[in-house]
Amino acid sequence: MTIVSSSHGYLAFRGEPTAYLFRQAPALPTDFLFGFATAAAQIEGGGAEAEKASGRGDSIWDEFCDRPGNIRDGSHVKRTCNHLEKYKEDIALMKSLGANSYRFSISWPRVIPLGGKGDPVNQKGINFYNNLVDECLKVGLVPFVTLYHWDLPLELFKRYGGWLNKERIVEDYTYYAKTCFELFGNRVKHWLTFNEPWCTAVLGHGIGQFAPGHVSNTEPWIVGQSLMIAHASASKLYMREYKAKQGGMIGITLNGDWTDPYDESPENVEAAQRKMDFAVGWFADVIYLGRYPQSMIDILGDRLPQFSREELDLLKDSSEFYGCNTYTTNTIKATRTKDEFAGYTTMAFDKPDGTEIGITAQLGWLRDVPWGFRRLLNYLYQRYNKPIYMTENAISIADDHTSIRTCHTNDEGRVQYYDGYTQALKEAVQIDGVDVRSYFGFMDNFEWASGLVPRFGSVYVDYETFERTPKDSATSLMKVCSFGFPSSYSKSSSTDTATAL
Ligand code: GBH
């Protein structure tokens, strides 16, 4: 294995398969967590009537779905997988497939329908999450809980613009987080403050693809700052008042795909770093390193809101681990585009020899590139030096939604994807010495603006009857996770793999 640091500082990692045969591999931790990941808005709803009766307040996604044209197939967050009724069945299924953990999110407007500090709570919503957590513990799944997976209470958006109003939203979000620590923290030991703040900022407030559907080149940077401060405010509250007595941990999860330079030219290597800065460094550099990436400062100037001294202190050590969602890899060229959110780089999948880096998935942005995943894990661990919790990884397979029933469950492409990605994860841990502590796949669910069309899941959901059927990948993935991550490797002589980084 060689690690090539370019003159531009961008890490180019090249795994050499033979080198590690002579190394003693460290084990994956015996408490490695694996299973399925979901989000409240993507799976809970059983229909408009049931949602109304449940006492949940509307989120910005309810309003977004109400507006025709926003959701590709006209589907609605109110009717997704009916997890609200079927959670016991879902938990039993995950357990039977071999999972040892379940990652889900709490819907803020289900707990506090209007969302604000001092607004009333919804006892039915609290009962639901109490039951969900208890059921997980009863069957032996570790609950891994996201506080915010995009479903902002609509009322807060109406009151003051939601994430655009830093002071108000930080106060309300922190109150909501505190409510959850109080209610569930005696049983929940793994907390994520936010899922993919980049999506809320850019997709929600930059290109308008996600709720609330704003198009702007100034709002995303403001929203990004509010999200970071809200994250830090809630996590520091947890560390101060709950961590000692509840014994849990808290962090943030970021989306980020590996950016591989198209070729070794200095411009393309630099462009790959710049794309990574805009996707990951925007949040991770601030939270873990205390500053924005220089490339963002250079490009955005005054539009990038500054942090006060107090805010930087709050952000420092506010995430105990690096939470990572990743799906694919891009090849990056310096050729200038209009895409400011990608640092004006060109994102593609082709290499100079004319080949593509991975097979095409159902969605244009997704290719199966396991070696990119290994490089990403190395990059994140080297740059941020935190244990990594892999919180999402999945692929939507072409024609999955149109094929006949047997094809729904016979998802060879996804089996292959998970084989490759879990192998890459093992290599990153056992050969490269990266500290990875969890891995979560997906079940079919409401894919936001893409509606119910793309199927990312390893469990097929019939959206007419809500019936669940595990696909081949569910069995193979959980098998790999339970048997393929042996704890019998020698831990003693792993020092050279660690120092190789
Ligand atoms: C995840 O985000 C979400 O966390 C999860 O809820 C969702 O189920 C999953 O995606 C699958 O949809 O169309 O070219 O603009 C993944 C991060 C960032 C990936 C934005 C897609 C859009 C590429 N996403 N990206 S493009």
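Residue by residue, here is whether (1) in a helix (DSSP H, G or I); (2) of a type in the set (Lys, Arg); (3) closer than 19 Å to GLY115 by Cβ holds:
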residue	(1), (2), (3)
TYR148	no, no, yes
TYR176	yes, no, yes
ASN186	no, no, no
GLY204	yes, no, yes
ALA244	yes, no, no
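With respect to being hydroxyl-bearing (Ser, Thr, Tyr) and under 30 Å from ILE388 (Cβ atoms), SER96 fits the description.
Within region 253-265, the set of residues being more than 16 Å from TRP371 (Cβ to Cβ) and away from the ligand (no atom under 13 Å from the Cβ) comprises ASP263, GLU264, SER265.
Of the residues making up region 93-113, just one is in contact with a Pro (Cβ under 8 Å, 6 or more places away or on another chain) and of a type in the set (Gly, Ala, Ser), namely SER101. Counting residues in region 162-179 that are buried (at least 22 other Cβ atoms within 10 Å of the Cβ) and either at pLDDT below 95 or among the small types (Gly, Ala, Ser) (or both) gives one or more. In the set ALA342, ALA428, ALA334, ALA348, only one residue is in contact (Cβ under 8 Å) with a residue 40 or more places away in the chain, over 24 Å from PHE104 (Cβ atoms), among the small types (Gly, Ala, Ser) and touching a Leu at 6+ places or on another chain (Cβ under 9 Å); that residue is ALA428.
For the condition in contact with a strand residue (DSSP E or B) (Cβ under 8 Å, 6 or more places away or on another chain), in a helix (DSSP H, G or I) and more than 16 Å from the ligand (Cβ to nearest atom), ALA234 qualifies.
Any idea which residue in region 135-146 is surrounded by the fewest Cβ atoms within 10 Å (Cβ to Cβ), counting only those that are under 24 Å from the mean Cα position of the chain (by Cα) and outside any loop (DSSP other than H, G, I, E, B)? Across region 135-146, the extreme among qualifying residues is LEU137.
The residues of region 206-227 that are within 20 Å of the chain's Cα centre (by Cα) and not in a helix (DSSP H, G or I), listed by number, are GLY206, ILE207, GLY208, GLN209, PHE210, ALA211, PRO212.
Restricting region 408-456 to residues that are hydroxyl-bearing (Ser, Thr, Tyr) and not in a strand (DSSP E or B), the residue that is nearest to the ligand (Cβ to nearest atom) is SER450. Within region 273-308, being touching a strand residue (DSSP E or B) at 6+ places or on another chain (Cβ under 9 Å) and polar (S, T, N, Q) holds for one residue alone: GLN273.
Can you pull out the residues in region 43-62 that are buried (at least 24 other Cβ atoms within 10 Å of the Cβ) and polar (S, T, N, Q)? Across region 43-62, the qualifying residue is only SER59. Selection over region 370-394 of residues that are assigned to a loop (DSSP other than H, G, I, E, B) and within 14 Å of the ligand (Cβ to nearest atom) gives a count of 2.
The values are calculated or read from the model by the stated rules, or taken from the named source; none is laboratory data. Predicted model only: the values in this text are computed from it and were never measured. Ideal geometry is used to build each Cβ from the backbone, glycine not excepted, and the neighbour counts take in all protein chains shown.
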